[in-house]
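Accompanying notes for the structure given below.
The values are calculated or read from the model by the stated rules, or taken from the named source; none is laboratory data. These numbers come from a predicted model, not from an experiment. So basically every Cβ, Gly included, is an ideal-geometry build from the backbone, and we count neighbours across all protein chains shown. Each accessible area value is taken on the protein alone, full model and side chains, heavy atoms only, with ligands, DNA and RNA left out. Shrake-Rupley method; radii C 1.70, N 1.55, O 1.52, S 1.80 Å.
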Amino acid sequence: MPTSHSRAGVASVCAAALTLSGLLVTGVLAARPAAAADPADYQNVRINEVTSSNDDTVELYNAGSTAVSVSGWKVSDDSFSPQSFSPSSGTIPAGGFVTFDSPKGLGDSDKLVLYTAGGTVVDRVEWATGKAKPAMARCGGDGTGAWVTTTTATTFGAPNAPGCPASVPAASRVRINEVTSGDADTVELYNGGTSAVALGAWKYVDGDTSHSPAALSSASPSATSIPAGGYVTFDSALGLGDNDSLFLVDGNGTTVDSVTWATGGAKPSSERCANGTGWFRTSTTATFGGANSCSGGSGGSGGDGGRLLGGGGALTSGCAPEAPTGTGSAPAGTLAWPGGKDVTIADDVCAFTTSTGPEGRDLSGLAFDPSNPSVLWAAKNKHWLFKLVKSNGKWIPDPSWSATGKQLRFLGGSGEPDSEGLTVGGNGHVYVTSERDNAKNTVPKDTIMEFDPTAAGSTLTPVHQWDMTAQFPQLNTGSKDDANLGFEGVAYVPDGWLTANGWVDPLTGAAYDPANYPLHGSGLFFAGLEWDGTLHAYGLNSDGTFTTFGTIDTGKDSVMDVMFDAGTQRIIATCDNTCGETHTSMKVDSTGALVPDVTYTNPAVMPVDNLEGFAIAPASTCVDGSREAVWADDGVYGFGPGSSSYGHALYSGTFPC
């Protein structure tokens, strides 16, 4: 859990500000400079869902990092002029929604245009007959996904994922992929689907509402079809301004995709990163007709930091977010995050408040279940274990296991383990570390406990428990802060990896031979010590004894979580803001020793908090070269009071396969 690291005298700091890329696929700018009356960041607001039945309801989504006032905004359709509407709230919070009923009826085949109070076009969507019943919604990402007809009830005021069809239509896989507003005003489309799409009846239009849509077939060069996984490029006949937008409409009149750019944002071009799926950013090199280089510049004051999405919701009185402590520097040579730049808040606000206290925080260790990657195990400091599953894009407690988590006890059913790290062993059991007994928090109790997750009841007691407290006398000073610097993470590492990589057994000086340790099971356990950033290797024997294989230097001042990733074939030691939010991969070198290989920092958009938990999904879950990475914020502080990320414990991003 968060500590002051009193031995180092590190002061508490506030979370860093959210950095966003300068060019966003978020709301639509007009083809002229924004009027003086336009509120700050209005371009981040997008039409997100609409229905043309009953109340003709519209949902707006704010994809930006700051709240946006919609006071005085107006809408029009294909027949009525812009008119005022009454939103559910006059301000849209960052990552939040507002809804309203259209001031005029929306037809079965219609369009909707959104304007600021100053008359600037913000966004628009068009639909063909039946497409907005029960609703038209963006699927594949609020504010940026493709428009499709939902297959379930509407989700006004909430994320759209539940209403997305199981199979997105082929036409919806076509995306605007790159655009430039220069001499040629060139546009590139990309087909991310598995079949060709006919474009002969498709049209495009810019942000000038006086312009009629132009046919792709009449563009130069003519664009009549796009192959699966391929590109088409054409020059806009409408002229694209320095501060403009582009809408793509299929042959039925349904909006497929749109993009906006600010002044200078499309010079030399703006491109999706990742190619075909990601957010837009200013590029340094145009790549029309091929995969985007994603080597762009900042495009604005914030740099190219990606985007933090999701969040919102009111904090409850039983949730107490905790400001981060112990901020320090990253190790020399740390590299940028190798995965996607965008990150999503992946839990409900204050989701892990328990019956033992007001901590709607303290979610620490994370581990995917290798036998069932749809399960994410999570340890909470105040002796709780959660089995998490995905629901509507968020990780929630599995109601079939326990909707409120299960309490943990030490062997014999006593005490309150300060549960920090966890891993899944080769036998499917969950192994949890504890630094101390929270009922006696000035005394260290560095243990590894083995729990059978199939055991009945709301309280779990260990099948086995191994106590290593005596190995760390430096923690037994009578100070609760020192006692809180013990085992923060643990990883089960299969014997097969250790032998295949030539790990030398420190006890024998020869190649590790599992047969020398007949009671240890099928692998060793590497526990991370927060005190000094070292890993400690153990064979956990079935008779309750253990074998100590020595200490490994990670090159970091602290370790908050440890995992073994079969995808990269590395042990990964994670440190929170104490070490600059970094993850160090450990490999076996030519001498047979475990040594640091490479260190990465977190995606730039993430807060600088006590992010103590980290897990990467198994390689079996890979899609389009990426798999999920999840972080746990031990203090649910986010970017501080009042921000959309405040009160949340889990963040989700992507890591290369």
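Checking each residue in segment 416-425 for being open to solvent by 10 Å² or more (accessible area, probe 1.4 Å) and within 12 Å of residue 384 (Cα to Cα) picks out only 416.
Tallying residues that are farther than 22 Å from residue 141 by Cα and either without any contact (Cβ under 8 Å) to a residue 60 or more places away in the chain or under 29 Å from the mean Cα position of the chain (by Cα) (or both) within segment 89-128 yields 12. Evaluated against (1) in contact (Cβ under 8 Å) with a residue 60 or more places away in the chain; (2) over 35 Å from the mean Cα position of the chain (by Cα), residue 467 falls short on exactly one condition, (1).
Selection over segment 271-284 of residues that are modelled with pLDDT under 80 and part of a strand (DSSP E or B) gives a count of 7. Could you check, for segment 643-657, whether at least one of its residues is farther than 27 Å from residue 96 by Cβ, more than 15 Å from the chain's Cα centre (by Cα), open to solvent by 30 Å² or more (accessible area, probe 1.4 Å) and at pLDDT 90 or above? The answer is yes, given that some residue of segment 643-657 is farther than 27 Å from residue 96 by Cβ, more than 15 Å from the chain's Cα centre (by Cα), open to solvent by 30 Å² or more (accessible area, probe 1.4 Å) and at pLDDT 90 or above. Among the residues in segment 508-520, are any open to solvent by 10 Å² or more (accessible area, probe 1.4 Å) and within 31 Å of the chain's Cα centre (by Cα)? No, the conditions are met nowhere in segment 508-520. Every test in (1) closer than 22 Å to residue 628 by Cβ; (2) touching a Phe, Trp or Tyr at 6+ places or on another chain (Cβ under 8 Å); (3) open to solvent by 20 Å² or more (accessible area, probe 1.4 Å); (4) part of a loop (DSSP other than H, G, I, E, B) is passed by residue 389 save one, and that test is (4). Checking each residue in segment 542-564 for being small (Gly, Ala, Ser) and either touching a Cys at 6+ places or on another chain (Cβ under 9 Å) or assigned to a loop (DSSP other than H, G, I, E, B) (or both) picks out 542, 544, 555, 558. If you go through segment 347-374 and keep only what is modelled with pLDDT of 90 or more, under 22 Å from residue 434 (Cα atoms) and part of a strand (DSSP E or B), you end up with 363, 364, 365, 366, 367, 368, 369.
Among strands (runs of 3 or more DSSP E) entirely within segment 100-159, having at least 2 residues that are touching a Phe, Trp or Tyr at 6+ places or on another chain (Cβ under 9 Å) and under 11 Å from residue 47 (Cβ atoms) singles out 110-115, 121-127, 136-139. Comparison of 71, 79, 89, 4 shows that the only residue that is out of contact with any strand residue (DSSP E or B) (no Cβ under 7 Å at 6 or more places or on another chain), part of a loop (DSSP other than H, G, I, E, B) and at pLDDT 90 or above is 71. Take segment 438-459 and flag every residue that is crowded, with 21+ Cβ neighbours inside 10 Å and either more than 32 Å from the chain's Cα centre (by Cα) or under 14 Å from residue 386 (Cα atoms) (or both). Across segment 438-459, the qualifying residues are 444, 445, 451. Scanning segment 52-67 for residues that are at pLDDT below 90 and either over 25 Å from residue 640 (Cα atoms) or not small (Gly, Ala, Ser) (or both) gives 52, 53, 54, 55, 56, 62, 66. Looking at segment 464-492 only, could you name the residues that are open to solvent by less than 10 Å² (accessible area, probe 1.4 Å) and acidic (Asp, Glu)? Matches in segment 464-492: 488 only. The residues of segment 229-246 that are in contact with a strand residue (DSSP E or B) (Cβ under 6 Å, 6 or more places away or on another chain) and more than 30 Å from residue 195 (Cβ to Cβ) amount to a single one, 244.
Annotation note: of 521, 539, 567, 509, the sole residue that is out of contact with any Asp or Glu (no Cβ under 8 Å at 6 or more places or on another chain), in a strand (DSSP E or B) and among the small types (Gly, Ala, Ser) is 539. Would you confirm whether any residue within segment 406-413 is among the aliphatic types (A, V, I, L, M), in contact with a Ser or Thr (Cβ under 9 Å, 6 or more places away or on another chain) and open to solvent by 20 Å² or more (accessible area, probe 1.4 Å)? Yes: one or more hits. Cβ-Cβ distances below 6 Å connect the following pairs, each with a first residue in segment 602-623 that is open to solvent by 10 Å² or more (accessible area, probe 1.4 Å), a second residue that is part of a helix (DSSP H, G or I) and modelled with pLDDT of 95 or more, and a separation of six or more residues or different chains: 608/577. Here residue 428 passes the criteria (1) closer than 25 Å to residue 539 by Cα; (2) part of a strand (DSSP E or B); (3) open to solvent by 10 Å² or more (accessible area, probe 1.4 Å) except the one numbered (2). Filtering segment 192-219 to residues that are within 17 Å of residue 229 (Cα to Cα) and modelled with pLDDT of 90 or more leaves 196, 197, 198, 199.
Is it fair to say residue 108 is modelled with pLDDT of 85 or more, among the charged types (D, E, K, R) and open to solvent by 30 Å² or more (accessible area, probe 1.4 Å)? Judged against the criteria, residue 108 is not a match.
One residue alone among 478, 426, 489 is on the phi > 0 side of the Ramachandran plot and of a type outside the set (Lys, Arg), and that residue is 478.
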